[in-house]
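The structure under discussion appears below in the form of structure tokens.
The values are calculated or read from the model by the stated rules, or taken from the named source; none is laboratory data. The model shown is predicted, which means the values in this text are computed figures rather than measured ones. Don't worry about glycine lacking a Cβ; one is built from the backbone with ideal geometry, like all the others, and counts go over all protein chains shown.
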Amino acid sequence: MKRVAIRRRSRKRQALYAGPHGRRAFVAELLYNAPYCVAKWPGVCTELATDVHEFIPRGRRGAILPGEIAQRQGQRFIPVCRACHTMLTDHPAEAVSRGLLQGRNT
């Protein structure tokens, strides 16, 4: 039996990433216009932004693109360096207290 590779993203999700108004274009534009890390996590920040962090995580159905849905949710997007992004996801309680992540009860 021939093995079939599992897709990294569904076709529907892939459509959100591609094209001139997709996630990739949004990230490129945001990082071009705001090239420095906003999180500034003490001791790890490299200052040059490489990622875009969502205030409401994708796992909680947070929007990945600005627009009507993101506005309704109160979603925010900030440029962060890879080290700070890792700290934000590895230490969610501290990220919530710093105002960089939405808490579960809000």
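With the condition kept exactly as written, say whether any residue in segment 21-31 is in a loop (DSSP other than H, G, I, E, B), over 26 Å from H91 (Cα atoms) and modelled with pLDDT under 85. No: zero hits. For segment 8-17, the candidate set comprises residues that are exposed (fewer than 12 other Cβ atoms within 10 Å of the Cβ) and under 25 Å from R82 (Cβ atoms); within that set, the residue that is modelled with the lowest pLDDT is R9. Residues that are acidic (D, E) and either touching a residue at least 24 places away in the same chain (Cβ under 8 Å) or under 14 Å from M87 (Cβ atoms) (or both) were ranked within segment 34-74; the one that is surrounded by the most Cβ atoms within 10 Å (Cβ to Cβ) is D51.
Residues in segment 40-64 that are closer than 24 Å to L16 by Cα, touching a strand residue (DSSP E or B) at 6+ places or on another chain (Cβ under 9 Å) and either assigned to a helix (DSSP H, G or I) or among the aliphatic types (A, V, I, L, M) (or both): A49, V52, A63, I64. Do we have any residue at all in segment 77-89 that's buried (at least 18 other Cβ atoms within 10 Å of the Cβ), assigned to a loop (DSSP other than H, G, I, E, B) and within 14 Å of the chain's Cα centre (by Cα)? Yes, because at least one residue in segment 77-89 is buried (at least 18 other Cβ atoms within 10 Å of the Cβ), assigned to a loop (DSSP other than H, G, I, E, B) and within 14 Å of the chain's Cα centre (by Cα).
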